[in-house]
Amino acid sequence: MTKAFNDRFLRACRRQEVDTTPIWLMRQAGRYQPEYRKLREKYPMLELCTTPELAAEVTLLPLRRFELDAAILFSDLTIPFLAMGVPFTLKENVGPVIAKPLQTEEDINALRIMEPEEDLPFVGESIRILRRELSVPLIGFAGAPFTLAAYLVEGGPSRDYSRVRALMYRQPELWSTLLHILAQNVIRFLRAQIEAGAQAVQLFDSWVGTLSPDAYRRYLLPVMQEIVGALKPLGAPIIYFGTGTAPLLEAMLETGADVIGVDWRVSLDDAWRRLDYACAIQGNLDPAVMLASPEVVRAEAKEILRRAGGRPGHIFNLGHGILPETPVENVQTLIDTVHRGVSD
Ligand code: CP3
């Protein structure tokens, strides 16, 4: 018998009343799980992402073990680069490394606009498999243009992402061309995921916190509004997540996203107040708390629930991806604590 569909995550995205706070974890399928590490001994990361049966299986690993309220498609921020004609590798413990970082106008104009079902057919196929298996909503995702541009221009992870910001200030027209190409790719990619069955989408803007609010509004906001505006009519809630975004929250709300994801550097209650309660909020336990004792995990999780104050529209998550060293028992403790609620 199939389990009744659990819609508390989608209800919270829409700021509707829920029976208890929904929780999912960024990078919930990953190296902290022994089952994942075992699969990784057999398959390289990119093979897991590009083989529908494997991507679906990895997506399901955390849901088999824990009562999570949403699944997130197992993939990576770099997957669209395959369709855009940008060669890269995923370096263990480092992240994406671009073979030839973008430097010139020619490099940028050579970027392709994807045809998702032709270029990345495994994404739609993974989603269709998962929708048959899941009794919780499936989240699709893409990197947001600034974070994609950061990898493409810097060539890989960077201390302060100053090269990408320098391009933005020095060559604003070229920057605008780059952002529009990325936005078209993001729109097509997320539209295809929603059409295949993704019930919500998250835009990961991991490095956007390196921008000032003025720069955000001038160089990024219009393109973010274009993306949100293009996807909104499809009806799937849009989550917009970044780290180090405390100074940017009001500007991020202007994108029109349904849910804003915050990291742990800001208090959840302060962030939500500054967002004027005009959206749902996702977050924001420090992933490092998960390396402490179960008692500390419980206390810190409750503190976040207390700050959310029982207001409809809180989705519990970590402030960034779960760390590979996280003990599995602490994930169980966290989920139980959130579901039992603050008064327990
Ligand atoms: O949340 C989920 O469970 C879905 C899976 C997911 C992965 N990457 C799997 C992955 C998601 C949503 C991403 C997005 C992603 N990828 C982001 C945005 C989120 C964030 O963390 O800021 C970024 C910046 C990337 C780029 C990237 N890919 C990094 C930094 C790394 C980690 C490098 C490392 O080895 O620690 C990757 C590889 C990657 N993506 C792994 C996983 C599970 C580790 C791969 C492995 O070695 O098994």
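The values are calculated or read from the model by the stated rules, or taken from the named source; none is laboratory data. The shown structure was predicted, so the numbers you read here are calculated from the model rather than taken from an experiment. When we count neighbours, we look across all protein chains shown, and the Cβ atoms used for this are built from the backbone with ideal geometry, even at glycine. Accessible surface is based on the protein model in full, side chains and every heavy atom, while ligands, DNA and RNA are left aside. Shrake-Rupley method; radii C 1.70, N 1.55, O 1.52, S 1.80 Å.
On inspection, PHE74 passes the criterion of being of a type in the set (Phe, Trp, Tyr) and not in a helix (DSSP H, G or I).
Checked against (1) open to solvent by 60 Å² or more (accessible area, probe 1.4 Å); (2) more than 10 Å from the ligand (Cβ to nearest atom), ARG40 passes all but condition (2).
Put simply, of ILE98, ILE129, ILE194, ILE108 the only residue that is in contact with a Pro (Cβ under 7 Å, 6 or more places away or on another chain) and modelled with pLDDT of 95 or more is ILE129. Pick from GLN33, GLN16: which is modelled with pLDDT of 95 or more, open to solvent by 50 Å² or more (accessible area, probe 1.4 Å) and more than 9 Å from the ligand (Cβ to nearest atom)? Only one candidate qualifies: GLN16. For the stretch 103-118, check the following and say yes or no: at least one residue is open to solvent by 20 Å² or more (accessible area, probe 1.4 Å), more than 30 Å from CYS13 (Cα to Cα) and within 14 Å of the ligand (Cβ to nearest atom). Checked the stretch 103-118: no residue is open to solvent by 20 Å² or more (accessible area, probe 1.4 Å), more than 30 Å from CYS13 (Cα to Cα) and within 14 Å of the ligand (Cβ to nearest atom).
Among the residues of the stretch 296-327, write down those that are within 15 Å of the ligand (Cβ to nearest atom) and closer than 18 Å to ARG65 by Cβ. Of everything in the stretch 296-327, those that are within 15 Å of the ligand (Cβ to nearest atom) and closer than 18 Å to ARG65 by Cβ turn out to be PHE316, ASN317, LEU318, GLY321, ILE322, LEU323, PRO324, GLU325, THR326. Looking only at the stretch 137-171, count how many residues are modelled with pLDDT of 95 or more, in a loop (DSSP other than H, G, I, E, B) and within 12 Å of the ligand (Cβ to nearest atom). Total satisfying the criteria: 1.
Under the condition of being near the ligand (Cβ under 9 Å from one of its atoms) and either outside any loop (DSSP other than H, G, I, E, B) or open to solvent by 10 Å² or more (accessible area, probe 1.4 Å) (or both), the residues counted in the stretch 19-29 number 2. Within the stretch 8-27, residues that are free of Cβ contacts under 8 Å to residues at least 40 places away in the same chain sit with their Cβ atoms under 9 Å from residues that are among the basic types (Lys, Arg), at 6+ positions apart or across chains, in these pairs: ASP19/ARG8.
Being open to solvent by less than 30 Å² (accessible area, probe 1.4 Å), of a type outside the set (Asp, Glu) and either more than 9 Å from the ligand (Cβ to nearest atom) or in contact with a Cys (Cβ under 6 Å, 6 or more places away or on another chain) (or both): is that true of LEU73 here? Criteria not met by LEU73. Screening LEU90, LEU130 for residues that are surrounded by 14 or more Cβ atoms within 10 Å (Cβ to Cβ), within 16 Å of the ligand (Cβ to nearest atom) and part of a helix (DSSP H, G or I) leaves exactly one candidate, LEU130.
Candidates LEU61, LEU48: the one that is within 13 Å of the ligand (Cβ to nearest atom), touching an Asp or Glu at 6+ places or on another chain (Cβ under 6 Å) and hydrophobic (A, V, I, L, M, F, W, C) is LEU61.
Count of the stretch 1-13 residues, restricted to those that are over 16 Å from the mean Cα position of the chain (by Cα), open to solvent by 10 Å² or more (accessible area, probe 1.4 Å) and at pLDDT 95 or above, is 5.
A Cβ distance below 8 Å, combined with a sequence gap of six or more or placement on separate chains, defines the contacts here; from the stretch 82-95, residues that are on the phi > 0 side of the Ramachandran plot reach residues that are aliphatic (A, V, I, L, M) and away from the ligand (no atom under 14 Å from the Cβ) in the pairs GLY85/ALA110; GLY85/LEU111.
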